[in-house]
Amino acid sequence: MPSPTRSGPWCSPRTTAGQRSGISAVGTGFTTTDRRALRAMLDAIAQPTSPLATVPTAIARTARYVEPVLIAYVEYREFTGDEVLRHPGFRGLRHDRSPAEVVLPTR
């Protein structure tokens with residue numbers, strides 16, 4: 001969970017074979033207002049442990065965890081062969097979908 005300032009990416013979870021894991025980090029596309037509003041929402045759904053099956057080493061020490069109930073619209077340039085979003089950018093929250101409806105991008 002990021003700070004309300006411009007530092008820190010947001011990790012996007014994915015579900016594969018019933019296990020959640022990280023797919024990418026989104027660190028751009030947020031306005032200051034977006035960051036403050038999202039921070040308040042994320043604070044309300046914080047939890048002490050990771051909902052991910054694995055936590056990327058690069059973020060494990062500083063990561064903060066939330067219940068995965070918010071859906072974000074993320075624009076990206078490519079979905080790589082190792083299943084990572086290249087150049088992801090936040091475009092807004094989606095209120096028309098549930099977490100169960102979210103699927104991996106197709107190539």
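The values are calculated or read from the model by the stated rules, or taken from the named source; none is laboratory data. Just so it is clear, the model here is predicted, and its values are computed rather than measured. All Cβ positions, even for glycine, are placed from backbone atoms using ideal geometry, and neighbour counts span all protein chains on display.
List every residue pair whose Cβ atoms sit under 9 Å apart, with the two residues 6 or more apart in sequence or on different chains, where the first one lies in region 48-62 and is exposed (fewer than 10 other Cβ atoms within 10 Å of the Cβ) and the second, anywhere, is at pLDDT 80 or above.
Here the result reads 48/65; 49/65, each pair linking region 48-62 to a residue that is at pLDDT 80 or above.
Regarding region 56-65, can at least one residue be identified that is in a strand (DSSP E or B), at pLDDT below 90, of a type in the set (Phe, Trp, Tyr) and under 21 Å from residue 88 (Cα atoms)?
Kept after step one, since they are in a strand (DSSP E or B), are these residues of region 56-65: 65.
So of that shortlist, the ones also at pLDDT below 90 come out as 65.
From what's left, of a type in the set (Phe, Trp, Tyr): 65.
Now narrow it down to the ones that are under 21 Å from residue 88 (Cα atoms): 65.
Yes, some residue in region 56-65 is in a strand (DSSP E or B), at pLDDT below 90, of a type in the set (Phe, Trp, Tyr) and under 21 Å from residue 88 (Cα atoms).
If you check residue 97 against the conditions, is it assigned to a loop (DSSP other than H, G, I, E, B), modelled with pLDDT under 85 and basic (Lys, Arg)?
On the way: assigned to a loop (DSSP other than H, G, I, E, B): yes; modelled with pLDDT under 85: no; basic (Lys, Arg): yes.
Here the answer is no, as residue 97 does not meet what is asked.
Just to verify a result, which residue in region 78-107, among those that are of a type outside the set (A, V, I, L, M, F, W, C) and touching a Gly at 6+ places or on another chain (Cβ under 9 Å), is farthest from residue 40 (Cα to Cα)? Break it down into steps so the answer makes sense when it comes.
Residues of region 78-107 that are of a type outside the set (A, V, I, L, M, F, W, C), as a first pass: 78, 80-83, 86-89, 91-92, 94-99, 101, 105-107.
If we keep only those that are touching a Gly at 6+ places or on another chain (Cβ under 9 Å) too, we end up with 88-89, 91-92, 107.
On the way: 88: 22, 89: 20, 91: 18, 92: 15, 107: 34 Å.
Once the filter is applied, the top-ranked residue is 107.
For region 70-107, name all the residues that are within 19 Å of residue 35 (Cβ to Cβ) and of a type in the set (Asp, Glu).
If the condition is that a residue be within 19 Å of residue 35 (Cβ to Cβ) and of a type in the set (Asp, Glu), then 75 is the only one that fits.
Return yes when residue 25 is touching a residue at least 40 places away in the same chain (Cβ under 8 Å), touching a strand residue (DSSP E or B) at 6+ places or on another chain (Cβ under 7 Å) and of a type in the set (A, V, I, L, M, F, W, C) and no when it is not. Give the derivation first.
On the way: touching a residue at least 40 places away in the same chain (Cβ under 8 Å): yes; touching a strand residue (DSSP E or B) at 6+ places or on another chain (Cβ under 7 Å): yes; of a type in the set (A, V, I, L, M, F, W, C): yes.
So residue 25 passes the test.
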